[in-house]
Each structure stands twice: as structure tokens, then as C-alpha cells.
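The block underneath contains the structure these notes are about, expressed in C-alpha cells.
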Amino acid sequence: MNSIEYIKVDVNSRIPKYKQIVDSVMDAIGKGLLEKGEKIPSINEVSEECLLSRDTVEKAYGILRRQNIIESVKGKGYYVARADFSSKIKVLFLINKLSTYKMRIFNSFVQTLGSKAQVDLFIYHCEPSVFKDILAKRAKEYDQFVIMPHFKNEHLQHMGCTGEILEVIRKIPEERLIILDRNILSLSMKAGRIYQDFSEDIYVALSKGLDKVKKYQKIILVYPSKSVYPYPKGIVSGFIKFCAEHAIDYEVLDEIYDSMELQLHDLFIIIEEADLVNLVKQLRDRHYKFGEDIGIISYNDTPLKELLGITVISTDFTKMGTEAAEMILQDKKITQKNDFNLIDRHSV
């Protein structure tokens, strides 16, 4: 078969000509007329044979390259990169841990994409070596990459992206990359971002509830400094900034200990659910009422916290997943700070 014959362009169709080229190539691969590694016509050949502008063909080939359907070899031309594809977009979704919050992001992401994509979930457990290994082995298999970059060092402390990690991420074409939860400024601004500002978020959220917060004599932040899945240190700095600015007595603890020295009119800000459960049990054992004797604010919302009437400070996990999916559906990468709010219930 003449290599140009499978590219069909109907000048009377309302389908954009670049889209007709994309569909023609994908259809030829799907029917087995083109195989992996086979050379396809050059941009100039398609332009001349189909009486199209070079820009139109370049746009089509650009889309096929971004979807990893074709690849260019310098000085040789364009070749079929893979033949085992469906019309679905293949997405690698890479998160640091499996939790209720992360799954809300993932589920809303998948639901928004619907049948248009195949999404594979990978977990690297905050381990830089596992993260790098997954991307090294899988980079060529996917059209889009959604990455949540949270790492830990040998002391189980939250750390940023090292130069080595950034080098791995930069190998992903920027137009195929979405970073969730963090705003990594050293990456190209052409990559998508939906991020939290951990320091500013807690500061602003607590400021919105200042009237209720100030009725307590002391605020205790329970921040697990050495957790299997560490939390960003910005949470602590934003908390301290809030307390210092409003002259509020505060303390930072690693955990809720058994037989805590509880004092009336203390307010606890709890990050991990195990600590929340431990504190609530101790309050009930002593017949304290939360929201009256002792206040509780939990970090990150869940349906159970809503059911129990626990006040939370939380980002909108569902929105984060939905917005990431929309970037892929619209083929438009943007930088956007995700909503973070104080949800006032009955525990403050």
C-alpha cells in the first residue's frame, strides 16, 4: 500500500483537516496497515499530496507525537511509536500514598474523564527511589502524567524535590504533565499545576475562624514529625505565624499520647485520624464535650468527620481531581491554586 493512501482528507467535511489526518493515521494503525516502527510520510509529502498547508500537517503530527502514537528520528523522519493503542488516552496517575483523601482526588479524576481515558494508579510511598523507578519503566507507555510529588528523607521528614528527582520529572514532555498538590516553580510553566500552599492555607483558614479560636486559652497542633508518610512542614510554619500574629498561646506535639494532660479550653488541631480517634476517646472517657470544654479542628475532611460534626480545615479534593481531568480533556495546561477552607461544624 502506498504510504500516503491511508491519509484521507475530505475537503467538504466540517471536521478540521488536521483532525482528519490524526484519525487517518490512528485508523491505519488500528487496522494493521501500519505497524510499530514503520515509517510514515513526511510533513512535506502529506502537505503536497493532500494539498494542505504545512502548518495543518504539523499540527496533526504534533498531536500524534504528544499522544505517543508517532515519534520523530532526527534526520530520518517519523515512525509509528506504538500499535497497541485504543482511542482512549492513557494516563499514569502517580501518588505518594493510598488514603481516603488521595482516593477522592483519583475517583473524581477518573469519573470526569469517563470512557475517554484509561487511568492507571501507581503508589510510590514517598520513596524517591520507587518514584524514579516507576517513571523510568513506564514513561513511554502513557500519553499524560499526573504526579503528586511528596517525598521523605532517611529521617522520615518531608522533603522537597531533589535535583535528581526534578531531572526525572523533566524527562516528561511538559505538555503531558500535571503536578498536583505542590507548586514546583523550577519546572516549566507549560506543565499543569493544581496546588496547595500549605503554610498560607492553614494561616488563612484559621484567620477566618478567629472569633471562635480566640475563646480557647491554648492551641495545640498535633503534627507527626516522623511519620511513614510525612506532612509538609509548611503546615507548622503557617500555624505558628497565625498564633504569633494574634498573640495566642500554642504548642506543637508529635501525637496524642495516652492519658493526655488535658486542660479545659484547649483547642486541638489534629492531622492524623489515629490521633483524632485517640483524643475523642479520651474526651468521652472524661465526659468532656468537644466544642464546649475542649475544641477540635481536624485537617482534611472526610464523610465520617462530617457525620461526627468535626470542624475541619481542608482543601477541596474532589475539585482537584476534576480540574486535572479537565486539563486533559481540553488539552490545556494551567496553574491553579486549589480551594482550601474552614468548614465550621460543632467541635469548636
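Taking each pair of different alpha-carbon atoms in region 17-80 once, compute 1/r for the pair, average those values, and report the inverse of that mean as the Kirkwood hydrodynamic radius in Å to one decimal.
About 11.7 Å, per the Kirkwood formula over Cα pairs.
Between Tyr229 and Lys215, what length in nm is gained on full extension when 0.36 nm per residue of separation is reduced by their alpha carbon distance?
1.8 nm
Per residue, what volume in Å³ does the convex hull of the Cα atoms of region 199-314 enclose?
With only Cα atoms used, region 199-314 gives 100 Å³ per residue.
Looking at the chain, what % of its DSSP beta bridges pair antiparallel, to the nearest 5?
25 percent
Using a 1.4 Å probe on the protein heavy atoms, what percent of the accessible area of the chain belongs to carbon and sulfur?
The value for the chain is 48 percent carbon and sulfur by accessible area.
Quick one: among Gln330, Gln111, Gln20, which has the greatest mean-square fluctuation in a GNM of the chain with alpha-carbon springs under 10 angstrom?
Gln330
Out of region 218-262, which trypsin sites (Lys or Arg not before Pro) are coil in DSSP terms and have no more than 16 other C-beta atoms within 10 Å?
The qualifying sites are Lys226, Lys233.
With a 1.4 Å probe and all protein chains kept in place, how much accessible area does His346 have, in Å² rounded to the nearest 10?
140 Å²
Restricted to Cα positions, what overall size does region 252-348 have along the principal axes? Three whole-Å values, descending.
Here the spans come out as 56, 25, 19 Å, largest first.
Pull out the extension gain between Lys208 and Asp249, defined as 0.36 nm times the separation in residues minus the alpha carbon to alpha carbon distance; nm, one decimal.
Between Lys208 and Asp249, full extension yields 12.9 nm more.
Going by accessible area, probe 1.4 Å, with all protein chains left in place, what is the ranking of Cys243, Cys161, largest first?
In descending accessible area the options line up as Cys161, Cys243.
Going through region 253-293, which trypsin sites (Lys or Arg not before Pro) have at most 12 other Cβ atoms within 10 Å and a DSSP loop state?
Those that pass, being in a loop and sparsely packed, are Arg286, Lys289.
Using the Kirkwood radius over C-alpha pairs as Rh, can you work out the diffusion coefficient of region 37-187 via Stokes-Einstein at 10 °C, viscosity 1.306 mPa s, in µm² per second?
The calculation lands on 91 µm²/s.
Asp55 versus Lys8, label points 7 Å from Cα toward the beta carbon: distance in nm?
Result for the modelled spin labels: 2.8 nm.
For the chain, what's the radius of gyration and Dmax over Cα atoms, in angstrom?
25.7, 84
Given C-alpha coordinates of region 27-124, what is the ratio Rg to Rh with the Kirkwood estimate of Rh?
We get a ratio of 1.12 for region 27-124.
Points 7 angstrom from Cα along the Cβ direction at Arg65 and Phe122: gap in nanometres?
Result: 2.4 nm between the two label points.
Which translational diffusion coefficient, to the nearest whole µm²/s, is obtained for region 77-150 from the Stokes-Einstein equation, given a Kirkwood hydrodynamic radius over C-alpha pairs, 20 °C and 1.002 mPa s?
159 µm²/s
Using a Förster distance of 41 angstrom, determine the FRET efficiency expected from the C-beta separation of Ser129 and Lys281, and round it to 0.05.
That pair, Ser129 with Lys281, gives E of 0.60.
Calculated FRET efficiency, Ile15 and Arg138, Cβ-Cβ r, R0 35 Å, to nearest 0.05?
With a Förster radius of 35 Å, E is 0.60.
Just need the relative contact order of the chain here, percent rounded to a whole number, with Cα pairs under 8 Å and 6+ apart.
15 percent
Give a quick list of trypsin sites (Lys or Arg not before Pro) in region 25-89 that DSSP marks as loop, anything other than H, G, I, E or B, with at most 15 other Cβ atoms within 10 Å.
For trypsin sites (Lys or Arg not before Pro) across region 25-89 that sit outside H, G, I, E and B with at most 15 neighbouring Cβ atoms in 10 Å, the list reads Lys31, Lys36, Lys74, Lys76, Lys88.
Let me know the charge dipole size of the chain about its Cα centre in debye, to the nearest 20, where only the beta-carbon of Lys, Arg (+1) and Asp, Glu (-1) is charged.
Roughly 840 debye, rounded to the nearest 20.
What whole-number value in Å² describes the accessible area per residue of region 236-314 for a 1.4 Å probe?
So region 236-314 comes to 49 Å² accessible per residue, rounded to a whole number.
Taking the Cα centre of each part, how many Å lie between region 226-295 and region 303-334?
One Cα centre to the other: 25 Å.
For the chain, what is the mean residue ellipticity at 222 nm derived from helices alone (per DSSP H run of n ≥ 4: -39500 (n - 2.57); sum divided by total residues; nearest 500 deg cm²/dmol)?
-11000 deg cm²/dmol
The values are calculated or read from the model by the stated rules, or taken from the named source; none is laboratory data. Note that the structure is predicted; figures quoted are calculated from it, not measured. Please note: Cβ atoms are built from the backbone with ideal geometry, for glycine as well, and neighbour counts cover all protein chains shown. Protein only, heavy atoms only, side chains kept; ligands, DNA and RNA dropped before computing areas. Shrake-Rupley method; radii C 1.70, N 1.55, O 1.52, S 1.80 Å.
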